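The values are calculated or read from the model by the stated rules, or taken from the named source; none is laboratory data. The structure displayed is predicted, hence computed values, not measured ones. Note that each Cβ is placed from the backbone with ideal geometry, even for glycine, and that neighbours are counted across all protein chains shown.
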Amino acid sequence: MNSTLLNAALSAAERGWPVFPLRPGDKRPAGHPEHNCPRTGRCADGHRIPEQRATLDADRIRACWQAPYNVGIATGPANLVVIDLDLPKDDSDTAPPEWAGLADGLDVFAVLCEHAGQRLPTETYTVRTRRGGQHLYFTAPEGRTLRSTGGTLGWKVDTRAWGGYVVAAGSTVGGTAYEIIHDVPPAPLPAWLGDLLTAQPAPAPMPLAELSARMRNATAYSTAALRGELEKVLSAREGGRNRAVYFAAYALARMIRNGDLTEGAVTSELTSAGESIGLPAGECRTAIRSGLVRGGALEASAA
Ligand SMILES: [Zn+2]
């Protein structure tokens with residue numbers, strides 16, 4: 001039989017990444033899903049998810065990969081955080097307003113890096129996915145348990161960590177192989193990405209009286225920050241206006257959370273700035289709300 005898949009499984013395990021079988025030619029795990037669990041054999045004590053049965057054991061891997069299973073890497077136990085940069089599914093799958101004009105996950109990730117003042121972290125183990133997306137592998141930060149996310153970082157930018165898995169290089173889905181395109185050890189996850197991925201539950205709304213008392217103490221710093229963000233919006237070029245408003249709201253959300261600025265003041269200033277550069281009111285409102293929600297200054301349900 002073709003040893004490509006067995007070798008792919010062994011080579012992932014040699015890197016210290018526990019593997020489990022995926023259906024042949026498919027991305028879905030082999031074996032039964034939880035709702036069909038027979039509660040026998042390995043599931044005698046309760047259903048075991050792929051993350052729990054993934055293995056590094058070469059003998060078990062050789063025994064399993066007698067059949068042409070694709071290879072899943074359980075990213076949590078592998079101590080990996082994989083940034084999954086995807087492509088639109090079809091022509092109707094277009095970027096939402098705050099990412100307008102961007103083509104795919106790689107574009108969005110590049111903008112995130114630029115905004116954070118960071119280089120695109122490409123010097124790491126990278127796999128090309130079957131439709132031409134990329135998986136950037138990073139080692140997980142110590143002392144933090146990151147879970148998989150879908151779209152938290154931005155459009156078409158997912159992450160695979162605890163609770164998730166990736167299709168390993170050497171697997172073939174729909175006739176196309178996942179290929180290593182940069183074969184170096186995974187770099188540590190950049191700290192700024194770890195920060196973005198650490199869930200920050202939105203704080204409880206502050207009582208109005210307390211908020212207005214704190215606003216009277218608005219610092220020169222917060223006023224300067226607001227002015228700085230407004231200037232960025234006013235100098236945004238066509239095609240980047242929506243994103244400029246989104247990022248300004250995102251940046252100012254922290255000051256709203258700290259009580260240095262009010263949501264009302266930020267929204268009204270950003271709305272006038274956005275409209276003065278020709279952004280339609282509806283798009284402006286959406287971009288501001290998205291930025292404030294992403295920055296933790298508003299509940300997502302209020303958006
Ligand atoms: Zn089961």
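Right, Pro77: closer than 24 Å to Asp158 by Cα and within 13 Å of the ligand (Cβ to nearest atom) or not? So that I can check it myself, show each step before the final result.
Working: closer than 24 Å to Asp158 by Cα: yes; within 13 Å of the ligand (Cβ to nearest atom): no.
Criteria not met by Pro77.
Return the residues of region 167-194 that are of a type in the set (A, V, I, L, M) and either without any contact (Cβ under 8 Å) to a residue 60 or more places away in the chain or surrounded by fewer than 14 Cβ atoms within 10 Å (Cβ to Cβ) (or both); say none if nothing qualifies. Quick ask: steps written out before the conclusion?
Within region 167-194, the first condition is being of a type in the set (A, V, I, L, M), and the residues that meet it are 167-169, 173, 177, 180-181, 184, 187, 189, 191, 193.
Answer for region 167-194, where residues must be of a type in the set (A, V, I, L, M) and either without any contact (Cβ under 8 Å) to a residue 60 or more places away in the chain or surrounded by fewer than 14 Cβ atoms within 10 Å (Cβ to Cβ) (or both): Ala177, Ile180, Ile181, Val184, Ala191.
Which residues, counting only those in region 146-166, are crowded, with 21+ Cβ neighbours inside 10 Å, under 18 Å from Ala13 (Cα atoms) and touching a Leu at 6+ places or on another chain (Cβ under 9 Å)?
Once the filter is applied, which keeps residues that are crowded, with 21+ Cβ neighbours inside 10 Å, under 18 Å from Ala13 (Cα atoms) and touching a Leu at 6+ places or on another chain (Cβ under 9 Å), region 146-166 yields Arg160, Ala161, Tyr165, Val166.
Have a look at Ala44, Ala54, Ala30 and point out the one that is farther than 20 Å from Thr152 by Cβ and loosely packed, with under 12 Cβ neighbours inside 10 Å. Break it down into steps so the answer makes sense when it comes.
On the way: Ala54 fails: loosely packed, with under 12 Cβ neighbours inside 10 Å; Ala30 fails: loosely packed, with under 12 Cβ neighbours inside 10 Å.
Criteria check complete, one pass: Ala44.
In this structure, is Gly143 in a loop (DSSP other than H, G, I, E, B), in contact with a Ser or Thr (Cβ under 7 Å, 6 or more places away or on another chain) and within 28 Å of Ile49 (Cβ to Cβ)?
Taking the combined requirement at face value, the residue does not satisfy it.
From the list Ala78, Ala103, Ala95, Ala9, which one is hydrophobic (A, V, I, L, M, F, W, C) and in a helix (DSSP H, G or I)?
Numbers: Ala78 fails: in a helix (DSSP H, G or I); Ala103 fails: in a helix (DSSP H, G or I); Ala95 fails: in a helix (DSSP H, G or I).
From the options Ala78, Ala103, Ala95, Ala9, the qualifying one is Ala9.
Considering only region 121-132, I want to know if a residue exists there that is of a type in the set (Phe, Trp, Tyr), modelled with pLDDT of 95 or more and farther than 30 Å from Leu279 by Cα.
Yes, region 121-132 contains a residue that is of a type in the set (Phe, Trp, Tyr), modelled with pLDDT of 95 or more and farther than 30 Å from Leu279 by Cα.
Quick check on Ala103: is it at pLDDT 90 or above and either more than 16 Å from the ligand (Cβ to nearest atom) or buried (at least 18 other Cβ atoms within 10 Å of the Cβ) (or both)?
yes
Counting just the residues of region 44-62 that are closer than 25 Å to Leu6 by Cβ and modelled with pLDDT under 95, which one comes out nearest to the chain's Cα centre (by Cα)? Explain how you work it out, then say what you get.
Initially, region 44-62 is screened for residues closer than 25 Å to Leu6 by Cβ, giving 48-62.
If we keep only those that are modelled with pLDDT under 95 too, we end up with 48-53.
Working: Arg48: 26, Ile49: 22, Pro50: 21, Glu51: 19, Gln52: 23, Arg53: 25 Å.
Filtering first and then ranking leaves Glu51.
What number of residues within region 255-277 are within 16 Å of Gly239 (Cα to Cα) and without any contact (Cβ under 8 Å) to a residue 40 or more places away in the chain? Walk me through how you get there before you give the answer.
Here is the first cut: in region 255-277, the residues within 16 Å of Gly239 (Cα to Cα) are 273-277.
Of the ones still in play, those that are also without any contact (Cβ under 8 Å) to a residue 40 or more places away in the chain are 275.
Counting residues in region 255-277 that are within 16 Å of Gly239 (Cα to Cα) and without any contact (Cβ under 8 Å) to a residue 40 or more places away in the chain gives 1.
Of the residues that sit in region 37-63 and are assigned to a helix (DSSP H, G or I) and away from the ligand (no atom under 16 Å from the Cβ), which one is farthest from Glu14 (Cα to Cα)?
To start, the set of residues in region 37-63 that are assigned to a helix (DSSP H, G or I) comprises 41-43, 50-53, 58-63.
Narrowing the set further to residues that are away from the ligand (no atom under 16 Å from the Cβ) leaves 58-63.
Working: Ala58: 9, Asp59: 13, Arg60: 13, Ile61: 11, Arg62: 13, Ala63: 16 Å.
In this case the residue turns out to be Ala63.
Could you list all residues from region 1-21 that are more than 16 Å from the ligand (Cβ to nearest atom) and closer than 14 Å to Glu51 by Cβ?
To start, the set of residues in region 1-21 that are more than 16 Å from the ligand (Cβ to nearest atom) comprises 1-19.
Result: Trp17, Pro18, Val19.
Determine whether Gln66 is within 16 Å of the ligand (Cβ to nearest atom), over 15 Å from Tyr178 (Cα atoms) and modelled with pLDDT of 90 or more.
Values: within 16 Å of the ligand (Cβ to nearest atom): no; over 15 Å from Tyr178 (Cα atoms): yes; modelled with pLDDT of 90 or more: yes.
So Gln66 does not fit the description; no.
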